[in-house]
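These notes are about the structure you will find just below.
The values are calculated or read from the model by the stated rules, or taken from the named source; none is laboratory data. Please read all numbers here as calculations on a predicted model, not as lab measurements. Cβ: placed from backbone, ideal geometry, glycine included. Neighbour counts: every protein chain shown. Accessible surface is based on the protein model in full, side chains and every heavy atom, while ligands, DNA and RNA are left aside. Shrake-Rupley method; radii C 1.70, N 1.55, O 1.52, S 1.80 Å.
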Amino acid sequence: KIFVIHGGLDFVNEKSFCAEMWKIYSKVDAIVAPSRHAARNLKGLCGIDSRIIQHGVDLELFNPFTVSKHNARKRLKIDPDALVILWNARMDPLKGLHSLIRALPRTNAIKDFKILLFIKTRTLNNKYYQYILSLIRKAGLDKNVIIDKSWTPINHMLVFYRATDIYVNTSYTEAFGSLTMLEAMACGIPVVARNASS
């Protein structure tokens with residue numbers, strides 16, 4: 001039995017987290033961390049050793065050749081002339097979407113380009129989601145933001161990446177550094193990310 005740490009360990013309640021991890025540790029053959037950062041955190045917080053196996057990306061699926069940008073935008077009904085920014089994560093304060101929403105109106109790009117922020121999310125922290133909607137309204141970005149909360153099979157995510165000009169990750173903590181950033185890069189999309197955590 002193997003237990004893989006997926007979430008970031010930068011903002012955990014040390015006492016309860018370590019108690020839970022020691023319970024898990026007693027029932028598995030190995031704990032796997034997806035980065036040196038996560039392994040160091042686990043060892044430093046709880047004294048638990050882990051093996052490091054970094055995430056990988058299926059390059060036959062995620063690549064810049066399978067779907068053209070034009071066809072991807074056509075399939076998603078996105079303006080072919082827009083500058084498209086993709087944000088893809090769960091809707092939670094630790095993922096930092098609010099910082100991107102606040103930054104957009106402060107850039108000249110919002111005036112100079114037809115910018116579209118495509119938010120792809122799955123699980124929702126409803127309170128945070130309502131906060132994001134209020135930020136979008138206050139910033140006057142209603143026409144610049146699309147939120148897609150539908151479940152998307154992994155093999156269809158390629159279309160979202162390929163329709164994009166820039167992928168943005170605003171997360172404050174990650175155990176790996178975000179698999180979505182690797183998928184975007186594999187698709188030939190430049191990534192802007194916070195210099196934090198993994």
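Quickly run through the range 163-195 and pick out the residues that are out of contact with any strand residue (DSSP E or B) (no Cβ under 7 Å at 6 or more places or on another chain), at pLDDT 95 or above and open to solvent by 30 Å² or more (accessible area, probe 1.4 Å).
GLY188
Going by the conditions given, is HIS98 modelled with pLDDT of 95 or more and of a type outside the set (Asp, Glu)?
Values: modelled with pLDDT of 95 or more: yes; of a type outside the set (Asp, Glu): yes.
Judged against the criteria, HIS98 is a match.
Would you mind stating whether PHE11 is touching an Asp or Glu at 6+ places or on another chain (Cβ under 8 Å) and either modelled with pLDDT under 95 or under 23 Å from LEU116 (Cα atoms) (or both)? Even if it seems obvious, please write down each step before you answer.
Numbers: touching an Asp or Glu at 6+ places or on another chain (Cβ under 8 Å): no; either modelled with pLDDT under 95 or under 23 Å from LEU116 (Cα atoms) (or both): yes.
When the stated conditions are applied, PHE11 does not pass them.
Give the range 103-147 a look and list any residue that's in contact (Cβ under 8 Å) with a residue 12 or more places away in the chain, open to solvent by 60 Å² or more (accessible area, probe 1.4 Å), closer than 22 Å to ALA163 by Cβ and part of a loop (DSSP other than H, G, I, E, B), or say none.
Residues satisfying the conditions are PHE113, LYS114, ARG122.
Of everything in the range 148-160, what is touching a residue at least 60 places away in the same chain (Cβ under 8 Å) and surrounded by fewer than 16 Cβ atoms within 10 Å (Cβ to Cβ)? Give them in sequence order.
Once the filter is applied, which keeps residues that are touching a residue at least 60 places away in the same chain (Cβ under 8 Å) and surrounded by fewer than 16 Cβ atoms within 10 Å (Cβ to Cβ), the range 148-160 yields ILE154, ASN155.
Does GLU60 count as acidic (Asp, Glu), touching a Ser or Thr at 6+ places or on another chain (Cβ under 9 Å) and more than 27 Å from ILE146 (Cα to Cα)? It would help to see each step written out before you state the result.
Values: acidic (Asp, Glu): yes; touching a Ser or Thr at 6+ places or on another chain (Cβ under 9 Å): yes; more than 27 Å from ILE146 (Cα to Cα): yes.
Considered against the rule, which asks whether it is acidic (Asp, Glu), touching a Ser or Thr at 6+ places or on another chain (Cβ under 9 Å) and more than 27 Å from ILE146 (Cα to Cα), GLU60 comes out as yes.
Does ILE110 qualify as being touching a helix residue (DSSP H, G or I) at 6+ places or on another chain (Cβ under 8 Å) and either at pLDDT below 95 or not hydrophobic (A, V, I, L, M, F, W, C) (or both)?
On the way: touching a helix residue (DSSP H, G or I) at 6+ places or on another chain (Cβ under 8 Å): yes; either at pLDDT below 95 or not hydrophobic (A, V, I, L, M, F, W, C) (or both): yes.
Here the answer is yes, as ILE110 does meet what is asked.
Of the conditions (1) in contact with a Phe, Trp or Tyr (Cβ under 9 Å, 6 or more places away or on another chain); (2) within 28 Å of THR173 (Cβ to Cβ), LEU104 clears all except one; give me its number.
(1)
Could you identify the single residue in THR152, THR164, THR180 that is closer than 19 Å to GLY96 by Cα and among the β-branched types (Val, Ile, Thr)? Lay out the reasoning, then the answer.
On the way: THR152 fails: closer than 19 Å to GLY96 by Cα; THR164 fails: closer than 19 Å to GLY96 by Cα.
It is THR180.
Would you confirm, using the coordinates I've provided, whether ASN125 is polar (S, T, N, Q), touching a Pro at 6+ places or on another chain (Cβ under 9 Å) and under 28 Å from ALA33 (Cα atoms)?
Details: polar (S, T, N, Q): yes; touching a Pro at 6+ places or on another chain (Cβ under 9 Å): yes; under 28 Å from ALA33 (Cα atoms): yes.
Answer is yes for this residue.
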